[in-house]
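Notes for the one structure printed next.
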Amino acid sequence: MLVSWRVKAVSLGVVALSLSVELVCWVFRHLRPKKALNEVLFFPSELACVEHIFNPTLTYSCFCSLPHGIETSFSRLLRHILSASSSLDLCVFAFSNMDLGRAILALHSRGVIIRVLADKDYTAISGSQIGTLRKAGICVRCSKGTVYMHHKFVVLDSRLLITGSLNWTLTAVQSNDENLIITEEQDLLLPFSQEFNRLWVKNDPCKRPLSCSQPKP
Ligand code: ZN
């Protein structure tokens, strides 16, 4: 009888111990702080179709001549941009890439609040997406002064920062050696948000003569 009770006690101890280990593992998995996203992308990006990124529920086959089903630096960039759910603040010198313009328009149609700061000289160049954004009702401000607004960064949802050498042009994406850092580190993101807000206020068209072309009424 004594041996039987000892066996039961040991068995209960083993069960309790394994449950405790499971509990500790669960707490560690679910309650520890989530690691901030950090990612580096290099360009030029491999050429590939990005239609499935704009239409994740695509039910038909895309018949374009580009390779399909390939994850590239550009597809990663598009995915990050399209992950915005509430706001997107873009500061970019050159913006002529039509897929990136399409992404911004898609966010705008979803109700994401978009602010774009652009360089006044580049805005007037043929192929610039700035006019298309304005026609869609997106708020765009242009830099003033004699120096370039040469930043290339975007802040999404006050959550994600994308910054680096990449202009939003086809040449930069497909031909140039470029880099981007994508990060959720708030210590890095906050100064960029502050810089955006500083330039946004500084280039308020109500405070000065307009420095770049406005949409025709
Ligand atoms: Zn395709």
Along each of its three principal axes, how wide is the spread of alpha-carbon positions in the chain, in whole angstrom units, largest first? 96, 46, 34
Pairs of lysines in the chain (C-alpha under 29 Å apart; 8 or more residues apart or interchain): 22
Residue by residue, what Karplus-based ³J(HN,Hα) values in Hz, rounded to whole numbers, does segment 104-112 have, using 6.51, -1.76 and 1.60 with θ = phi - 60° and x for Gly and Pro? 5, 5, 5, 5, 4, 5, 7, x, 5
At a 1.4 Å probe, what is the % contribution of carbon and sulfur to the accessible area of segment 36-207? 56 percent
Solvent exposure of the chain as accessible area per residue, Å², 1.4 Å probe: 59 Å²
Considering only Ile125, Ile138, Ile162, give the residue with the highest GNM mean-square fluctuation for the chain, with springs between Cα atoms whenever their separation is below 10 Å. Ile125
Per the helix-only calculation at 222 nm, which mean residue ellipticity applies to the chain, given -39500 (n - 2.57) for every DSSP H run of n ≥ 4 and division by its residues, nearest 500 deg cm²/dmol? -12500 deg cm²/dmol
Which cross-chain or sequence-distant (5 or more) residues have an amide H under 5 Å from the amide H of Glu46, H modelled 1.01 Å from N in plane? Ser73, Phe74
Which one, His80, His68, His151, has the greatest fluctuation when you compute a Gaussian network model over the chain with C-alpha springs under 10 angstrom? His68
Antiparallel bridge percentage (DSSP; both residues within segment 36-207; nearest 5): 65 percent
With the chain treated as a Gaussian network of Cα nodes joined by springs under 10 Å, which of Phe192, Phe153, Phe54 yields the largest mean-square fluctuation? Phe54
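The values are calculated or read from the model by the stated rules, or taken from the named source; none is laboratory data. Computed from a prediction, not measured in an experiment: that's the story for all the values here. Accessible surface is based on the protein model in full, side chains and every heavy atom, while ligands, DNA and RNA are left aside. Shrake-Rupley method; radii C 1.70, N 1.55, O 1.52, S 1.80 Å.
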